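The values are calculated or read from the model by the stated rules, or taken from the named source; none is laboratory data. Note that the structure is predicted; figures quoted are calculated from it, not measured. Because the Cβ atoms are built from the backbone with ideal geometry, glycine has one as well, and the counts that use them run over all protein chains shown.
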Amino acid sequence: MTTVAVKPAATKPATMAQALNRAMRDAMAEDPTVHVMGEDVGALGGVFRITDGLAKEFGEDRCTDTPLAEAGILGAAVGMAMYGLRPVVEMQFDAFAYPAFEQLISHVAKMRNRTRGAMPLPITIRVPYGGGIGGVEHHCDSSEAYYVATPGLTVVTPATVEDAYGLLRASIASDDPVIFLEPKRLYWSKADWSPEAPAVVPGIGEALVRRTGTSATLITYGPSLPVCMEAAEAAREEGWDLEVVDLRSLVPFDEETVVASVRRTGRAVVVHESGGFGGPGAEIAARVTERCFHHLEAPVLRVTGFDIPYPPPMLEKHHLPGVDRILDTVARLQWEN
Amino acid sequence: MTVQELPGAGASHRSTPPPAWRPRTDAAPLLPDPEPYRVLGTPAADRLDPELMRRCYAELVRGRRYNAQATALTRQGRLAVYPSTVGQEACEIAAAMVLEEQDWLFPSYRDTLAAVARGLDPVQALTLLRGDWHTGYDPREHRIAPLSTPLATQLPHAVGLAHAARLRGDDVVALAMVGDGGTSEGDFHEAMNFAAVWQAPVVFLVQNNGFAISVPLAKQTAAPTLAHKAVGYGMPGRLVDGNDIAAMHEVLSEAVRRARSGGGPTMIEAVTYRIEAHTNADDATRYRGDAEVEAWKAHDPIELLERELTARGLLDESGIKAAKDAAEAMAAALRDGMNAEPVLDPMDLFAHVYARQTGRLREQAAMLRAELDAAEQEEEGDGS
């Protein structure tokens, strides 16, 4: 995984989980209106320990164990935000967020709009998402397509330790509701990192070229970034020099960075875990085709999860986009006219 | 197979509770009265505050006139739809009257009258139903949440807001309104549970008007009353005659007082009746008989109070006329406001989606701008 160069003295190995924890801690320390809430976020520190120690440090009123009820959690957060707080809501697992969808779609996403800007809702909704951890049913969904299809929501997903910190700080500071998708299989990924170091803190809506190349662009985000980086290394043996773009933000979508990259390389593959039909890759491929048609040497291809309900853990390796599937797809970019 | 024949029947499936757990034994005071609470026409009416009741009367008359005017505007096509509260005015008005200025009202789509009774301009209250924008007012300015069309989803908002206010040390109570049908929704349950666990300063007002569009209460719930539901969450449930504004005012005031003093939430079931159809799109004759409607018309909230006040010499012809005149003035202002075509800016479509417009929306806004400009030029061309 690529890391941002920082002063060696200021850094030490940190996990994405620690960076997320630190982001909340710093936000809570700086702004008394930031409240963390959800099921198990208090004494337990969350089932993934992302909120570890927050209740102890800031009290149970600032880091609150709620009843087990996602619509209630998010609905209460709406009311709290209406009164001027900045709730940071934890949805324990991707598929556990579904009971809250009416609150999300009918109220959270629309409140600014329906009140003509009078009542923005600065809510951050943290959703651990994606597979690859051997979780049983309802613990591994990639639900980003639902979120990106809902106007009014901002949707971001970090793939690195420093982005986890920076994007979460930016999300909590945002005056709009943000779906903060946490790639749970990267929770324990490590990097040399320090929040004090002058790391590159991304603004929401800024993609980043993680690896430059000339033969084709891999466009990806979240849990698929390390897979794409590995694929790009492996592709060198095949004579392919791949560029990798990490979107970091699905809404807003940094079209300019993507388009510039594809115009340079002339070929593109979108990679994500969620299903292909109606997935974010479909939108990205359409946009790239619209904007880069005359630069393209081949159709924009996609490597995605299959269009199936998330499989049981013993079969998930066949479903998730892996290095081989990416390389096979890259090979198909050798388009014969 | 009966329960007794099931394998393991008779054996105790319940392990002995650990010492830390005890069932609550203080639930009895939470139970609602067996009959809806009434004041008008009972000895309790002796303690009525004449000034307050005269205000209630004027508000009821105004509310009835508001309902009639809004319904007329629907027939004229000025409103896309209007869910009437004829027969329910006492609930709507009492809800608004018991709140202090700093308190918040969380209305459903049917509760525009409560918003008007709280002081909102009727035109602003009806903007959603006219169709020019979803919310016609600044919720913070009036402390009235946007009218909620999805059922019961505004209830957890009320809980969250009240909780937040209490965390900040502010003296704020939230009053959330929902219908009988809304009590079947999951959000009703979650809001009640959160409110009780958090002891949030919230009052839930359920207007049981008999029908959720066409489905009667008997097909909505098997509970003895809706007020009984409160007990399961650990808050008092109150059953009150929703057409008796004196009873409504008393019960709501008590609940607001309890919330304000840190006593936690209350759920109130107001038993009332929707005299008119669900909306102008509904045909109420398909699901209920005239006799039932007529029986409820005989229990009219305005007549109940008028009878009480005139019998006690607290209201005379001039008082009745004054209330009617004020109501007519409101209706005239509402007609004028509604007859003025709203000025709409199509570019507003993109103005309030995000704090910072996305590139995608900028593109789409430019497309609409170009379409509008082209249409304008065409119009100018036609004119010359």
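Values as computed for the structure displayed
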item	result
Matching helices (runs of 4 or more DSSP H) fully within segment A:7-120 where at least 2 residues are at pLDDT below 95, β-branched (Val, Ile, Thr) and touching a strand residue (DSSP E or B) at 6+ places or on another chain (Cβ under 8 Å)	none
Single condition A:Gly132 does not satisfy, out of (1) more than 10 Å from chain B (Cβ to nearest Cβ); (2) farther than 27 Å from A:Leu320 by Cα; (3) surrounded by fewer than 24 Cβ atoms within 10 Å (Cβ to Cβ)	(2)
In segment B:56-70, residue nearest to B:Val240 (Cα to Cα) [restricted to those that are among the small types (Gly, Ala, Ser) and surrounded by 24 or more Cβ atoms within 10 Å (Cβ to Cβ)]	B:Gly63
Matching residues, segment B:155-188, being facing chain A (nearest Cβ under 8 Å) and not hydrophobic (A, V, I, L, M, F, W, C)	B:Pro156, B:His157, B:Gly160, B:His163, B:Arg168, B:Gly186, B:Asp187
A:Ala76 vs. criteria within 11 Å of another protein chain (Cβ to nearest Cβ) and within 21 Å of A:Thr157 (Cα to Cα)	no
Residue in segment A:246-266 that is within 19 Å of A:Arg325 (Cα to Cα), of a type outside the set (D, E, K, R), in contact (Cβ under 8 Å) with a residue 24 or more places away in the chain and part of a helix (DSSP H, G or I) present	no
Number of the exception - B:Ala329 against (1) in contact (Cβ under 8 Å) with a residue 12 or more places away in the chain; (2) in a helix (DSSP H, G or I); (3) not acidic (Asp, Glu)	(1)
Total residues in segment A:162-211, condition surrounded by fewer than 19 Cβ atoms within 10 Å (Cβ to Cβ), β-branched (Val, Ile, Thr) and modelled with pLDDT of 95 or more	1
Tally, over segment B:169-178, of residues that are surrounded by fewer than 24 Cβ atoms within 10 Å (Cβ to Cβ) and either of a type in the set (Asp, Glu) or in a strand (DSSP E or B) (or both)	2
Only one of B:Leu129, B:Leu113, B:Leu105 that is outside any loop (DSSP other than H, G, I, E, B), closer than 14 Å to B:Gln207 by Cβ, out of contact with any strand residue (DSSP E or B) (no Cβ under 7 Å at 6 or more places or on another chain) and in contact (Cβ under 8 Å) with a residue 40 or more places away in the chain	B:Leu113
Hits in segment B:194-220 - residues which are touching a His at 6+ places or on another chain (Cβ under 9 Å), assigned to a helix (DSSP H, G or I) and aliphatic (A, V, I, L, M)	B:Ala195
All positions within segment B:129-168 that are under 17 Å from A:Ala109 (Cα atoms), of a type in the set (Val, Ile, Thr) and surrounded by 24 or more Cβ atoms within 10 Å (Cβ to Cβ)	B:Thr153
Selection count, segment A:79-123, where residues are under 24 Å from A:Gly42 (Cβ atoms), within 8 Å of chain B (Cβ to nearest Cβ) and small (Gly, Ala, Ser)	3
Unique residue being in contact with an Asp or Glu (Cβ under 8 Å, 6 or more places away or on another chain), among the hydrophobic types (A, V, I, L, M, F, W, C), over 30 Å from B:Gly234 (Cβ atoms) and modelled with pLDDT of 80 or more when the list is B:Leu79, B:Leu52, B:Leu48, B:Leu73	B:Leu48
B:Ala191 being touching a Leu at 6+ places or on another chain (Cβ under 6 Å), closer than 16 Å to A:Leu74 by Cα, within 10 Å of chain A (Cβ to nearest Cβ) and in a helix (DSSP H, G or I)	yes
Within segment A:244-300, considering residues that are touching a Leu at 6+ places or on another chain (Cβ under 9 Å) and among the polar types (S, T, N, Q), the one nearest to A:Ile179 (Cα to Cα)	A:Ser249
